[in-house]
Amino acid sequence: MQFIDLKAQYRYIQNSIQQRINQVLERGQFINGPEISELETKLAQYVGAKHCIGVASGTDALLIVLMALDIQPGDEIITTPFSFIATASMIKLLGAVPVFVDIDPKTYNIDPKKIEQAITPKTKAIMPVNLYGQCADFDVINTLAKKFGLYVIEDAAQSFGAKYKGRQSCNLSDVACTSFYPAKPLGAYGDGGACFTDNDELALQLRRIRNHGQDRSYHHVRVGINGRLDTIQAAILLAKLEIFPEELERRLEISQKFDALLSKSVATPYIEPHNQSTYAQYTIQVSDRDAVIKALAQNQIPSAVHYPTPIHLQPLFADFAQSHIPHSLPHAEAMAKTVLSLPFHPYLQDQEIENIAEVVVAAVTATSEALSLCG
């Protein structure tokens with residue numbers, strides 16, 4: 001069993017993928033080919049944003065946005081401690097300071113009720129992460145940002161295709177970043193990403209930064225990077241975009257099947273009533289995670305932990321932990337010890353779903369019985 005079965009998806013759209021790639025190979029325009037603008041147009045239309053800027057990765061998307069907003073050393077960016085390292089490391093790369101605010105233990109997203117107390121005169125932006133495919137509470141966050149004159153950067157690396165109160169992820173704030181890493185709900189066959197905004201000037205700067213700061217060929221008006229999206233990856237994403245809506249429907253169906261089988265035994269994903277998640281991961285909570293992982297492995301079922309160490313406890317941030325990070329972020333630290341992601345993709349078969357659930361329930365039950373005997 002595969003944790004994410006990309007081969008099954010490829011078999012389903014093989015002809016479309018090959019046709020798209022062959023067009024790029026025949027044309028020979030591997031950088032900034034016409035597929036780039038075609039993809040950007042379709043992605044912008046999908047989310048309802050005025051501008052989409054394709055970039056080389058989700059990490060580059062974060063970096064380019066921070067550069068475009070002129071984030072400087074010493075500036076503070078409020079974000080979550082429970083995410084992939086890229087969220088905070090791009091802040092640190094520019095010499096700015098990530099200010100970690102604890103999460104809501106039900107949604108795993110940043111707790112908006114705790115943000116205001118973290119704002120200081122040095123705060124420049126709030127960067128919520130839509131963890132596991134569910135959007136953070138952007139109405140509350142945007143209102144708070146407007147009150148204090150801050151930018152809001154939507155880290156939508158896991159939530160392209162999700163909805164918040166009927167609005168598409170990637171169009172919920174000043175600017176958004178997403179990732180097309182192969183394991184994402186909409187994934188390339190390599191790295192890729194995109195930025196979204198309605199702001200014309202910001203879009204102009206994003207386009208310049210991704211291409212060495214150029215405003216025209218060999219004329220550089222600002223510091224930039226080589227952050228372009230490859231034409232072949234754009235071609236692959238165009239083919240995958242055609243089936244993306246049906247894959248999202250299947251993800252929802254599979255999540256509901258897992259919920260029905262697991263909810264009496266473990267904590268299944270909680271989705272706010274106003275949200276539609278992409279289920280980038282299907283993540284449960286278990287008290288004895290090692291025992292469940294072992295039981296799954298014995299049945300040739302893979303699993304993963306997203307994420308075993310909160311960002312504020314990573315060695316990368318040890319140098320300024322004492323001065324910039326609260327002594328404890330209890331919810332993030334607790335979740336890091338109990339979350340477990342199960343195999344999840346649109347091509348998971350019903351029998352596989354049942355097998356996974358059966359093993360998880362049996363392992364949890366056995367652990368509970370053992371604890372009862374010890375008690």
- Message: Tell me yes or no: at least one residue of the stretch 327-338 is modelled with pLDDT of 95 or more, more than 17 Å from the chain's Cα centre (by Cα), over 25 Å from residue 5 (Cβ atoms) and acidic (Asp, Glu).
- Response: yes
- Taking the options 79, 41, name whichever one is among the hydroxyl-bearing types (Ser, Thr, Tyr), touching a residue at least 12 places away in the same chain (Cβ under 8 Å) and more than 30 Å from residue 297 (Cα to Cα). 79
- For the stretch 251-268, how many residues meet the condition of being under 20 Å from the mean Cα position of the chain (by Cα) and either among the aromatic types (Phe, Trp, Tyr) or crowded, with 17+ Cβ neighbours inside 10 Å (or both)? 4
- One residue from 132, 46 being in contact with a Leu (Cβ under 8 Å, 6 or more places away or on another chain), modelled with pLDDT of 95 or more and not aliphatic (A, V, I, L, M): 46
- Item | Within the stretch 34-78, considering residues that are out of contact with any strand residue (DSSP E or B) (no Cβ under 8 Å at 6 or more places or on another chain) and among the acidic types (Asp, Glu), the one most open to solvent (accessible area, probe 1.4 Å) | 70
- Considering the stretch 296-322 alone, what residues qualify as being modelled with pLDDT of 95 or more, open to solvent by 20 Å² or more (accessible area, probe 1.4 Å) and assigned to a helix (DSSP H, G or I)? 297, 298
- Message: Given the condition closer than 27 Å to residue 280 by Cα, open to solvent by less than 60 Å² (accessible area, probe 1.4 Å) and of a type outside the set (Ser, Thr, Tyr), answer yes or no: does some residue in the stretch 23-33 qualify?
- Response: no
- Message: I want to confirm something. Restricting to the stretch 214-250 and keeping residues that are of a type in the set (Val, Ile, Thr) and within 22 Å of residue 21 (Cα to Cα), which single residue is most open to solvent (accessible area, probe 1.4 Å)?
- Response: 232
- Do any residues in the stretch 260-285 that are over 13 Å from residue 107 (Cα atoms) and in a loop (DSSP other than H, G, I, E, B) have Cβ atoms under 8 Å from those of residues that are polar (S, T, N, Q) and modelled with pLDDT under 95, where the two are at least six apart or on different chains, and which pairs are they? 265/365
- Message: Looking at the stretch 79-88, can you tell me whether even one residue there is in a loop (DSSP other than H, G, I, E, B), open to solvent by less than 10 Å² (accessible area, probe 1.4 Å) and either of a type in the set (Asp, Glu) or touching a Lys or Arg at 6+ places or on another chain (Cβ under 8 Å) (or both)?
- Response: no
- Message: Between a residue in the stretch 1-30 that is of a type in the set (Asp, Glu) and any residue that is surrounded by 15 or more Cβ atoms within 10 Å (Cβ to Cβ), which pairs come within a Cβ distance under 7 Å, given they are 6 or more apart or on different chains?
- Response: 5/345; 5/347
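The values are calculated or read from the model by the stated rules, or taken from the named source; none is laboratory data. Since this is a predicted model, take the numbers as computed values, not measurements. Here the Cβ is made from the backbone with ideal geometry for all residues, glycine too, and neighbour counts use every protein chain on show. These area figures cover heavy atoms from the full protein model, side chains too; ligands, DNA and RNA do not enter into them. Shrake-Rupley method; radii C 1.70, N 1.55, O 1.52, S 1.80 Å.
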